[in-house]
Amino acid sequence: MRIDLLSLFPDMFAGVLDQSIIKRARDKGLVEIVLTDIRDYASDNHRSVDDNPYGGGSGMVMMCGPVFDAVEDVRRTGEPVDEIILLTPQGRRFDQPLARKLAGKQRLILIAGRYEGFDERIRRHLATMEISIGDYVLSGGEIPAMVVADAVIRLIPGVLGDDYSQVEESFSQNLLEYPQYTRPADFRGWSVPEILLSGNHAEIKKWRQEQAINRTRQRRPDLLDKQDIL
Ligand code: ADE
């Protein structure tokens, strides 16, 4: 898969993309990530990428020219593009089913905006999808783009070990995670549940399933009504 990240602050992505699971996925050639600075596509001497809104009002709006030019330039090379995604608070709420859907694509372009938003013509005539990562407003689309990229990349076959892919496919998909413990068996008087030390795998599996169901019922009862969730 190839993911193009278009932003006015491409340096913001470095720490996230150059470590841990995403770094390994890139090193293995499972995902190619290409950063593009939208400002490189500004056409005036001031390198403008935003301007005042028609009709007045506060705040600045991302201009069509640099965003269209940047997208059209990056899509000239490489695989055909499946989705051109704007990160905005007005978009479809991001969730695990959408991450799974995007993980099946060959190529995504993610566009992170700044300022008060995008010129409406970018939404209407360039983007194929708008995604919000939740009902709050961030100062730009870079962190949302990283959230989407991370959630998608870890689902690409081969990125995580076999253990993880089994978890993703198991019954636990529509439940919150059960409680996990590791050494020591006793920490400051708080001990690990006896069952986990028993070596009885069938009983442990049953206990974990019960715990996952109870935890989901207590914390996220809404998830129990859905078919295709976490
Ligand atoms: N840009 C600013 N806030 C955002 C959000 N919640 N989701 C996606 N993009 C955003």
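Grab the DSSP H runs of the chain that are 4 residues or longer, score each as -39,500 (n - 2.57), total them, divide by all residues and round the 222 nm result to the nearest 500 deg cm²/dmol. Mean residue ellipticity, 222 nm, calculated: -10000 deg cm²/dmol. With viscosity set to 1.567 mPa s at 4 °C, what whole-number translational diffusion coefficient in µm²/s follows for the range 170-224 from Stokes-Einstein and a Kirkwood radius over Cα pairs? Rounded to a whole number, D works out at 105 µm²/s.
In terms of the mean number of neighbouring beta-carbon atoms within 10 Å, the peptides 113-121, 180-188 order highest first as 113-121, 180-188. Any idea what angle helix 64-74 forms with the longest principal axis of the chain, computed on alpha-carbon atoms, 0 to 90 degrees, nearest 10? With rounding to tens, the tilt is 60 degrees. Taking Cα atoms only, the orientation of helix 142-153 departs from the longest principal axis of the chain by about 50 degrees. Spatial offset of the range 1-35 relative to the range 175-200 amounts to 36 Å, using the alpha carbon center of each.
Each value in this text was obtained by applying a stated rule to the coordinates, not by laboratory testing. This structure is a prediction, so every number in the text was calculated from the model and none was measured. Note that we place each Cβ from the backbone using ideal geometry, even for glycine, and neighbour counts take in every protein chain shown.
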